[in-house]
């Protein structure tokens, strides 16, 4: 049984732990092997609308493997956008994926806690400032865009813009349905200690 982390309320729709779809069952097996447990969106969203799974997996694969952006920056952007959108599930997931890939905690923690010192290099600072503005208002001031343009090529600017939009889309699936953190960061930290 996939229990919720302490202090987390239940999702608005009951999880379906035994999906009828063979693809969803296989997805759950892979998630348990990779992350330590199945994820709540698989049980709440994809179990009810399985045709979403393949297109979203392809988009996630694009975000994680086929952008020209540095992988750590992809995780930082996704975590930061999720922070602004109030999606604790996505914040936790993106931080956990970065931890599994061997990245340190300092930048990952600062991406989701703006009270921490910002350990960003020039490129990260420009991309995160762009993500902050685009997520909050959808509008970018000229100075923020100029900083982004000085740090990234045109393809990368489009990739950053797409990544912010795609992450917001995922946040908008999880948050209204009450899907919060699955505790993947704690599982990733425990796995690293072993």
>> Take residue 67 and tell me if it is within 26 Å of residue 178 (Cβ to Cβ) and over 11 Å from the mean Cα position of the chain (by Cα).
In response: no
>> So, in the range 27-59, how many residues would count as being surrounded by 13 or more Cβ atoms within 10 Å (Cβ to Cβ) and assigned to a helix (DSSP H, G or I)?
In response: 18
> Under 7 Å by Cβ, and 6 or more places apart or on different chains, what pairs join a residue from the range 14-25 that is free of Cβ contacts under 8 Å to residues at least 24 places away in the same chain with one that is surrounded by 14 or more Cβ atoms within 10 Å (Cβ to Cβ) and part of a loop (DSSP other than H, G, I, E, B)?
Replying inline: 25/19
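Let's see how each residue does on (1) under 30 Å from residue 46 (Cβ atoms); (2) in contact (Cβ under 8 Å) with a residue 24 or more places away in the chain; (3) more than 17 Å from the chain's Cα centre (by Cα):
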| residue | (1), (2), (3) |
| --- | --- |
| 80 | yes, yes, no |
| 88 | yes, yes, no |
| 91 | yes, yes, no |
| 107 | no, yes, no |
| 115 | no, no, yes |
| 119 | no, no, yes |
| 143 | no, no, yes |
| 149 | no, no, yes |
| 191 | yes, yes, yes |
> Among (1) surrounded by fewer than 19 Cβ atoms within 10 Å (Cβ to Cβ); (2) closer than 19 Å to residue 60 by Cα, which single condition is residue 167 missing?
Replying inline: (1)
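Coordinate-derived values only; no laboratory data. For clarity, every value in this text was computed on a predicted model and none was experimentally measured. Positions of Cβ are generated from backbone atoms using ideal geometry, with glycine treated the same way; all protein chains shown enter the neighbour counts.
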